[in-house]
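First comes the structure, then the notes that go with it.
The values are calculated or read from the model by the stated rules, or taken from the named source; none is laboratory data. None of these values were measured; they are calculated from a predicted model. Neighbour counts are summed over all protein chains in view; Cβ atoms, including those assigned to glycine, are modelled from backbone coordinates with ideal geometry.
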């Protein structure tokens, strides 16, 4: 599977943590590297991590989407195009630096790239990317609302929590399919 303008990482299989990582142990004045290096399986599930909050040259990361031992990374705008222009491996290299800065340098031994995408070079998308703008929460609910109980909508734009993501599209697809099945069952009854 490939992700929009980003990458996915998975743990190196031969490296195990000495004990489970406790995310609550991170203190403001103490570097996280003082603590045991986490296994991906020990990190919280479906949690977002931001590489930096003081600049736009950063990535947004989802830890363990759907509970899988993976970290997804997302990049956008001018910075994503700059990384893409650097060639294959640039997204993953940058992301590994940011993930290690947040979770400890020992993570470096545990991460390896799975996939990387380059949407600006894709002739079908040409770098297109959607995002949730301020005040869009109500619009997403309206877009997801069934029409006359006969037409059901899904997609990342319909997700109130996981907008702008592939897993948001997937989850709304599951929801819309269940709604459609319920509507069909109601009509038969």
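Quick check on this structure: which one of 128, 139 is within 30 Å of residue 92 (Cα to Cα), in contact with a helix residue (DSSP H, G or I) (Cβ under 9 Å, 6 or more places away or on another chain) and either exposed (fewer than 12 other Cβ atoms within 10 Å of the Cβ) or modelled with pLDDT of 85 or more (or both)?
One residue alone meets the criteria, 128.
The requirement of being under 24 Å from residue 168 (Cα atoms) and loosely packed, with under 14 Cβ neighbours inside 10 Å is fulfilled nowhere in the range 88-95; no residue meets it. Within the set 62, 58, the sole residue that is surrounded by 14 or more Cβ atoms within 10 Å (Cβ to Cβ) and within 30 Å of residue 180 (Cβ to Cβ) turns out to be 62. For the range 65-181, the helices (runs of 4 or more DSSP H) that sit wholly inside it and include 1 or more residues that are under 23 Å from residue 52 (Cα atoms) are 77-85, 90-103.
Could you say which residue among 13, 38, 44 is in a loop (DSSP other than H, G, I, E, B), at pLDDT 75 or above and farther than 30 Å from residue 126 by Cα?
Numbers: 13 fails: at pLDDT 75 or above; 38 fails: at pLDDT 75 or above.
Matching residue, one of 13, 38, 44: 44.
One residue stands out in the range 23-35 among those that are in a loop (DSSP other than H, G, I, E, B) and more than 26 Å from residue 167 (Cβ to Cβ): the one that is modelled with the highest pLDDT, namely 35. Residue check: is residue 168 under 22 Å from residue 68 (Cα atoms), surrounded by 13 or more Cβ atoms within 10 Å (Cβ to Cβ) and over 15 Å from the mean Cα position of the chain (by Cα)? Criteria not met by residue 168.
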